[in-house]
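Peer 1: Starting off with a structure, shown below.
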Amino acid sequence: MTTEQEAIYARVAVAAPVDRLLTYSVPSAMQERIGPGQAVSVDLGTRAVTGWVVDLCKNTDLPAEKLKPIRRLLDLRPLLNKEMLRFLQWSADYYLVGLGEMIHVALPSPARNKTRAIILPGSNASDAILQRQLPEPHAMVLRELLLRPGLTLRGLSHRLSDEMPAEAVRRSVAYLQKNHLAKSTTVAIKGPRDTLKIVRTTGSLPPGPDESSADGTMPPETTPPPLPSRAPRMRAVMARLTEARGEMELGQLLKLEGMGARQVIERLKRRGLVEVIQRERSDPVQAGVLSGASTEPLQPTPEQKKAIDTIEVSSQGVFLLHGITGSGKTEVYLQVTARVLESGRQVLVLVPEIGLTPQLVGRFRARFGDSVAVLHSHLTGTQRLREWRRVRSQAARVVVGTRSALFAPFVRLGLLVVDEEQDDSYKQDDGVRYNARDLAVVRARMNGCKALLGSATPSMESLRNAITGRYHLLELHERPKAGPLPSPEVVDLNQEPRSPDGRVPLISGYLHQALEDTLASGAKAILLYNRRGYANVVQCPDCGGRFTCPSCGISLVLHKAMGRLSCHYCGFRRQMPPSCPFCPGKLEILGHGTERTAEVLAATFPDVPIGRMDTDTTRSRGAHHRILEAFQAGDIRLLVGTQLVAKGHDFPDVGLAAVVGLDHILTLPDFRSSERTWTLVTQLAGRAGRGAEPGRVIVQTHHPDHFVFKNIDDPIAFYRQEARQRRVLGYPPFTRLVMLKIEGVDQNATYKTAYDLARNLRDSRPPSRLVDVLGPAPAAIPRLVGRWRYQVVLRGHEIRGFRQWLRSRAAQIKKARSRGVRIHIDVDPRMLL
């Protein structure tokens, strides 16, 4: 905090797509209280937005009389320290976004959302409805605004989600604002008060009317009013507080003494014996965890001990722990964490999916108790803020969380662990498109600490970094307790006998027999079909009619239990009709998903409890935990799901892991398709045979001769062949990519913007020609949410020169936006779809 009156200007990063810091004057009344890292409310154009003070300065080159003042402080203490500001500035520069946008992503929503943009109906809105001149979509939106003024755009979209997709709502609001039938304004909002009411004593228990102090006297000015002789409730409350070392949470005290104690506390307050204060909660969030984890460290194998010792003797650096599934990577994490905690430092453990947190949090809390915090998106905003504060106060010394936990406010960070480092979920796919794995390495370097990346199937990028010496490679080849890793059995569906309707059965005869054998032995089974829903196509064989999304032009997916056809991209949905709406024909349901797979299995094995784990069944808070807990307890014996079931789960009684359908991932037009398929199959294989009995792995495919399946149990051969193809075709890890996504409602205008941008970038390439400009080309799905999509891919063959050229062209790329056309910059894209 500054105490100098001369520091009257603040450079502020605003939560808006602004690349530079903005300078504001600091009102004199605020100068003693403002400092770097604090949230402030400032004017940006005609609206108030949240910003964060980056630094204070005494002079500015800008005319002081033209600078706007900071409206008000939103936090009494800084949210971000110098280390976090430096880290976020680096991240913003790398991903070509404004610092304010990066900060907005980093903070938990209750800490960042200090203002809210709301929509109000205009003064002529009622007349427009009465005159009935508005097109119906716009009229529907305006009627909702008249009924519920003050909704946010998100809230308005939610209210109308059954009638129109969110993008259509956004366009209608823009139309209404343009015609002065609606207006947007910004209002301040209060953050959550995640506090506890604490009752605490202000002094010792006073004597009763017939009692005296220990020496028989007490100075009158320090003598509290004596308690009446008939005040047992007051004395009981004071005794409770004395037993609790002078203070107790109000709710707990009322629970012990009864609700009538509230009046007793008020009487004690009037006598000056107790006070009630507000205190930030510091108790850990009780997120769902799986029980049964060992509280004591296990005896490490020689390979594990070598890895642990190697990491411990290094003060910093990046380690790639490549261990087969079931080789005990988590035990390495736990023992390395224990040694870091002994040095008084904190540890961050990142996991790719929320579904992996219950088991991992259970193991970490079994070792380290309530010092473990949990951070993921299924916590409420208030819970996330509480855990965030526990990290900042160092009450939480270990954090287990998903992607956003990377930005937790550690004070003394000693180790970052990235489990399943190859997973695509570490990449944010909208807004600021950052990769948490890559930024974890950067944050470790900036903090002078260690980063540990773990996986049974390392990414091509990490493996290359290990081969070239940038990372230290540590390997685990054996399972400590379980049997050897089962070798996958590939079923050629082309040779499978057809069913009476001429189709290949969902469950092959070989897999059916394996399921019967597994279930008969008392073991459990996990089945992977990486597509949610019941079926991906519904059509009429008589007239050829199909159900497609009006905004995206792709087939709607049937969700049978809900009786709906849904678009998985924009959220559009409609009821499933009983027959073809275009002719008298009967509808035909084609394709499969997890819902249909579970239905087929339920009919085949009616006495076996079956569970399903996908996005549809895990939307509610705690759903991941409930499903996994039921599977652990045996209430579910056959678990069907998407990739959520393939990673990180450790259940010793799983006898069979099977891939029902994965060919649609293998055949995607993307350079990582083979790697994703190989990774998923290998990860799923690791779920089987973790107990005393050996397990089996079965893979059904129409492409048994593909090198992915030929090398399914030979990672070295797979990596060599994949690397050979990537090098020839010029894909990562041998080059760097940046994808520019150009989107707009008008197809011609969108293509013209993409074409002009690609031409200008091509003309501005460095003479060395180490930069390629590919495109423009239509995206794999050319229209999404009503917007046409084109892509321009920038490819750099030399990293340093490519980054310098990108920085020099960033402003040109962003200025290429035209009316109604957006441009999104995706640095290091995980896919080109």
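Peer 1: Per DSSP H run of n ≥ 4, the term is -39500 (n - 2.57); total these for the chain, divide by its residue number, and report the mean residue ellipticity at 222 nm rounded to 500 deg cm²/dmol.
Peer 2: On the way: 25 runs with 268 residues, N = 833.
Taking each H run of at least 4 residues, the total per residue is -9500 deg cm²/dmol.
Peer 1: List the cysteines of the chain that have no other Cys Cβ closer than 4.7 Å: which are they?
Peer 2: C57, C449, C570, each lacking another Cys Cβ under 4.7 Å.
Peer 1: Explain nothing, just the number: dipole magnitude of the stretch 1-88 about its Cα centre with +1 on each Lys and Arg Cβ and -1 on each Asp and Glu Cβ, in debye rounded to the nearest 20.
Peer 2: Dipole about the Cα centre, nearest 20: 220 debye.
Peer 1: Also: Can you give the FRET efficiency for E243 and L298, using 1/(1 + (r/R0)^6), R0 = 51 Å, r = Cβ-Cβ distance, to the nearest 0.05? Please list the in-between numbers first.
Peer 2: Values: r = 40 Å, r/R0 = 0.78.
Once rounded, the FRET efficiency stands at 0.80.
Peer 1: Please state the charge dipole magnitude for the chain, taken about the Cα centre, from unit charges on C-beta atoms (+1 on K and R, -1 on D and E), reported in debye and rounded to the nearest 20.
Peer 2: 2720 debye
Peer 1: What dipole magnitude, in Debye to the nearest 20, does the stretch 515-586 give about its Cα centre under +1 on Lys/Arg Cβ and -1 on Asp/Glu Cβ?
Peer 2: Value, rounded to 20: 320 debye.
Peer 1: Distance in nm between label sites at V745 and D127, each 7 Å beyond Cα in the beta-carbon direction?
Peer 2: 2.5 nm
Peer 1: Also, quick follow-up: Just by accessible area at a 1.4 angstrom probe, what is the order of D429, D127, D438 from largest to smallest?
Peer 2: Descending order: D429, D127, D438.
Peer 1: For T380 and E693, what does the FRET efficiency come to when R0 = 45 Å and r is the distance between their Cβ atoms, rounded to the nearest 0.05?
Peer 2: 0.60
Peer 1: Let me ask another. Starting from the residue with the highest accessible area, list F547, F582 in decreasing order, probe 1.4 Å. Intermediate values should be presented prior to the final figure.
Peer 2: Values: F547 10, F582 130 Å².
Output order, biggest surface exposure first: F582, F547.
Peer 1: Sort 74-81, 238-245, 360-367 for me by packing, meaning the mean count of neighbouring Cβ atoms within 10 Å per residue, highest on top.
Peer 2: 360-367, 74-81, 238-245
Peer 1: For the chain, give me the percentage of DSSP beta bridges that are antiparallel, rounded to the nearest 5 percent. Intermediate values should be presented prior to the final figure.
Peer 2: On the way: 73 of 125 bridges.
In the chain, DSSP labels about 60 percent of beta bridges as antiparallel.
Peer 1: Stretched out fully, how many nm does the piece from D705 to L153 gain, at 0.36 nm a residue minus the Cα gap? Each step should come with its number before you reach the end.
Peer 2: Values: separation 552, 0.36 × 552 = 198.72 nm, distance 5.05 nm.
Using 0.36 nm per residue and subtracting the Cα-Cα distance, I get 193.7 nm.
Peer 1: Taking the stretch 22-143 on its own, what percent of its Cα-Cα pair distances exceed 26 Å?
Peer 2: Of all Cα-Cα distances in the stretch 22-143, 39 percent exceed 26 Å.
Peer 1: Another question, if that's okay. By how many nm would the segment from R412 to A174 grow when fully extended, if each residue of separation counts as 0.36 nm and the alpha-carbon distance is taken off?
Peer 2: 81.0 nm is the gain from fully extending R412 to A174.
Peer 1: Right, next: What nm distance separates the two modelled labels at A780 and D93, each placed 7 Å from Cα along Cα→Cβ?
Peer 2: Rounded to a tenth, the inter-label distance reads 3.4 nm.
Peer 1: Among L96, L56, what's the order by accessible area (1.4 angstrom probe), most exposed first?
Peer 2: The ordering from most to least exposed comes out as L56, L96.
Peer 1: Roll a 1.4 Å probe over the protein heavy atoms and report the accessible area of C580 in Å², nearest 10.
Peer 2: Spelled out: C580, probe radius 1.4 Å, area about 10 Å².
Peer 1: Computed FRET efficiency, Cβ-Cβ of S184 and R762, R0 41 Å: what is it to the nearest 0.05?
Peer 2: 0.60
Peer 1: May I pose another question? Run the paramagnetic zone check for E475: 7 angstrom along Cα to Cβ, then residues of the stretch 442-465 with backbone nitrogen under 16 Å.
Peer 2: Answer for this model: 455-459, 463-465.
Peer 1: Kindly report the accessible area of the stretch 44-173 per residue (heavy atoms of protein chains, probe 1.4 Å, no ligands, DNA or RNA), in Å².
Peer 2: Working: 6810 Å² over 130 residues.
Per-residue value: 52 Å².
Peer 1: Next up: So for the pair D19, D430, with labels modelled 7 Å out along Cα→Cβ, what separation do we get in nm?
Peer 2: It is 2.5 nm.
Peer 1: Taking Rh as the Kirkwood radius, which is the inverse of the mean 1/r over Cα pairs, what is the Rg/Rh value for the stretch 560-602?
Peer 2: Rg/Rh: 1.01.
Peer 1: In whole angstrom, and with the biggest value first, how far do the Cα coordinates of the chain range along each principal axis?
Peer 2: Computed over the chain, the largest-to-smallest principal extents equal 100, 69, 63 Å.
Peer 1: Answer with one residue from L737, A810, Q725: the one whose Cα lies farthest towards the positive end of the charge dipole of the stretch 719-811, charges on Cβ with Lys, Arg +1 and Asp, Glu -1.
Peer 2: Most positive-ward Cα: Q725.
Peer 1: Considering only DSSP beta bridges whose two residues both sit in the stretch 1-138, what percent are antiparallel, to the nearest 5?
Peer 2: Of all bridge pairs located within the stretch 1-138, approximately 95 percent are antiparallel.
Peer 1: Rounded, prolate or oblate for the stretch 421-556? Axes are the square roots of the Cα gyration tensor eigenvalues, ordered a ≥ b ≥ c, and the cut-off for rounded is a/c under 1.5.
Peer 2: It comes out oblate by the Cα gyration axes.
The values are calculated or read from the model by the stated rules, or taken from the named source; none is laboratory data. In this text, all values refer to a predicted model and were calculated from it rather than measured experimentally. We place every Cβ from the backbone using ideal geometry, glycine too, and count neighbours over all the protein chains shown. Surface accessibility is based on the protein's heavy atoms, side chains included, excluding ligands, DNA and RNA. Shrake-Rupley method; radii C 1.70, N 1.55, O 1.52, S 1.80 Å.
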